[in-house]
Amino acid sequence: MAQGKHISDNRDIIELIEDYAYTLEYPPNLPSAYDYNNMWLMLDARDEIHRRGLDKDERVKEIDKRMLEGLKEFGTLIVYRYDNSNKPLAYWWWHLDKIARREYPEELLPEYLREVYKDLCDDNRR
């Protein structure tokens, strides 16, 4: 598959990816993806994306980048309602708290997220 292509355009995949994106948009003052009470919406959607092998879909990659970029504004608010200690570090979306605190091992992030992570770390040093 050529880079930049969508892995699948079937309706349930499109809805799943849209649901994931929506967690970064609503509500605007504290999107669900970063909110203690609603974070499960993002976690469920991202887990399902991973389970279906959609991690390399360009739409997902763009949303993932936005997720990390949002940590600049909302990262200090992240508190997991769920125990994430049993989640492998490779499931980076379960460890946004560590990413926000710049404690996550950069080498475990997908390549396309490392530059965003470096920017977070650089912003923290300023």
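The values are calculated or read from the model by the stated rules, or taken from the named source; none is laboratory data. All values derive from a computational prediction rather than experimental measurement. All Cβ positions, even for glycine, are placed from backbone atoms using ideal geometry, and neighbour counts span all protein chains on display. Just the protein is used for accessible areas: all its heavy atoms, side chains included, with ligands, DNA and RNA removed. Shrake-Rupley method; radii C 1.70, N 1.55, O 1.52, S 1.80 Å.
Summary table
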read-out: Residue 66 open to solvent by 20 Å² or more (accessible area, probe 1.4 Å), within 11 Å of residue 20 (Cβ to Cβ) and either at pLDDT 95 or above or hydroxyl-bearing (Ser, Thr, Tyr) (or both); value: yes
read-out: Criterion: surrounded by 15 or more Cβ atoms within 10 Å (Cβ to Cβ), touching a residue at least 12 places away in the same chain (Cβ under 8 Å) and part of a loop (DSSP other than H, G, I, E, B) - qualifying residue of 96, 54; value: 54
read-out: Boolean, residue 119 is under 26 Å from residue 28 (Cα atoms), open to solvent by 20 Å² or more (accessible area, probe 1.4 Å) and not hydroxyl-bearing (Ser, Thr, Tyr); value: yes
read-out: Index of the failed condition, residue 89 passing every other in (1) touching a Leu at 6+ places or on another chain (Cβ under 6 Å); (2) not in a loop (DSSP other than H, G, I, E, B); value: (2)
read-out: Test for residue 81: is it in a loop (DSSP other than H, G, I, E, B), under 19 Å from residue 26 (Cβ atoms) and of a type outside the set (S, T, N, Q); value: yes
read-out: Identity of the residue in segment 9-38, of a type in the set (Phe, Trp, Tyr) and assigned to a loop (DSSP other than H, G, I, E, B), that ends up nearest to residue 78 (Cα to Cα); value: 36
read-out: Residue that is free of Cβ contacts under 8 Å to residues at least 40 places away in the same chain, charged (D, E, K, R) and out of contact with any Gly (no Cβ under 6 Å at 6 or more places or on another chain), where the choices are 101, 81, 66; value: 101
read-out: Looking only at segment 1-51, and only at residues there that are among the basic types (Lys, Arg) and exposed (fewer than 15 other Cβ atoms within 10 Å of the Cβ), the one that is modelled with the lowest pLDDT; value: 5
